[in-house]
Amino acid sequence: MKVLVTGGAGFIGSAVVRLLVGEVGAQTVNVDALTYAGNLESLETIADNPLYRFVHANICDHASMAALFETEQPDVVMHLAAESHVDRSIDGPAAFIETNITGTYSLLEAARTYWAKLAPDRKKAFRFHHISTDEVYGSLGADGLFTETTPYAPNSPYSASKASSDHLVRAWHHTYGLPVVITNCSNNYGPYHFPEKLIPLVILNGLEGKPLPIYGTGQNVRDWLFVEDHARALWAVVTKGRVGEVYNIGGEAEKTNIEVVQSICDLLDELVPSTSTRRDLITYVDDRPGHDARYAMDISKITRELGWQPQETFESGLRKTVEWYLQNKSWWQKIREGRYDGGRLGLPQKAAG
């Protein structure tokens, strides 16, 4: 089997590529534009594997995508390429519209043209797997879970762009017959995470004695999913999921933002003792506009149909994550010294009150 992965140099994409090449043994073509969050150093462990090939290209370039399908002749597409940071989408939504909507359209059309010409057996086996987010569902109250039938209600430019791409994929299945599967996941964390997101940002700022910024009161709730658990779920869906179906993927690990930050502080104090507790570095900043209160996923469908469940608890996954950052300073130090210095992006940092 040959798998075409878009965005394979990103956080989740690189976890998928490492799984496919290192564990599954699938021929894997990684297509990535290498924007600010793309990092080929996240793939050094499999870069020389004969099963792996990297192609530097942008999914918005339709001619490049069409040529890529003809050259590589994939059996499966796993589409992860996306702009994915809410703060950046608030500050500059245009890139999110271009990549997440126009790019997905371009890829769908290239895939449809290629798929239509396949021999009947390969045509039937082909899959286009679109990887999306729980944020398309909007915000939950104190109770309840997102299911695969929860109405869409995106609240940020990022989530609106992902909701749009979900609808395009669904339409290409129902209109043209393209065999698709869609997954919506909760918040990911783990090794190789670009350090603008909450968990890696807090780990690195805590190590460096810098302020640990928390939006609002820190009571927003997220369902945390270890990235390697997510990669295993994606492979289960693309190989065993039913065509045309949506599967929600979550870690069953709901935590408030302040609980997450305090847990990281405590782990850092244990693993890298300091003269004072890292909790003293916690700083509350103005809340993000339209900040969704709570996300939580019902994963009963993927568990029931495909037998997938997360292997990591939040506690075990977070410890693995903190230990990885402690052991891989060279990976993140280059980012801190070059592309990203550790500030929250998209909003000015102001003291709350």
- How about the range 23-33: which of its residues are loosely packed, with under 15 Cβ neighbours inside 10 Å and either of a type in the set (Gly, Ala, Ser) or within 18 Å of GLN333 (Cα to Cα) (or both)? GLY25
- Query: Given the residues VAL261, VAL285, which is the only one that is farther than 20 Å from THR147 by Cβ and modelled with pLDDT of 95 or more?
  - Reply: VAL261
- In the range 212-236, the residues that are assigned to a strand (DSSP E or B) and either free of Cβ contacts under 8 Å to residues at least 24 places away in the same chain or of a type in the set (Lys, Arg) (or both): ARG222
- Which of the residues that make up the range 195-211 are part of a loop (DSSP other than H, G, I, E, B) and either closer than 20 Å to PHE314 by Cβ or in contact with a His (Cβ under 7 Å, 6 or more places away or on another chain) (or both)? PRO195, GLU196, LYS197
- Which pairs have Cβ atoms under 7 Å, sit 6 or more apart or on different chains, and link a residue in the range 150-163 that is in a helix (DSSP H, G or I) to one that is surrounded by fewer than 22 Cβ atoms within 10 Å (Cβ to Cβ) and among the aliphatic types (A, V, I, L, M)? PRO157/ILE90; SER161/ILE97; SER161/ILE101
- Note on the structure: Being among the acidic types (Asp, Glu), without any contact (Cβ under 8 Å) to a residue 24 or more places away in the chain and out of contact with any Asp or Glu (no Cβ under 6 Å at 6 or more places or on another chain) narrows ASP121, ASP91, ASP75 down to just ASP121
- Scan the range 169-181 and give yes if some residue there is closer than 26 Å to ILE335 by Cβ, out of contact with any Leu (no Cβ under 8 Å at 6 or more places or on another chain) and of a type outside the set (Ser, Thr, Tyr), otherwise no. no
- Residue identified as closer than 30 Å to ALA125 by Cβ and either in contact with a helix residue (DSSP H, G or I) (Cβ under 9 Å, 6 or more places away or on another chain) or in a helix (DSSP H, G or I) (or both) among THR239, THR321: THR239
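The values are calculated or read from the model by the stated rules, or taken from the named source; none is laboratory data. Keep in mind it's a predicted model, so treat the numbers as computed, not measured. Glycine also receives a Cβ, built like all others from the backbone with ideal geometry; neighbour counts cover every protein chain displayed.
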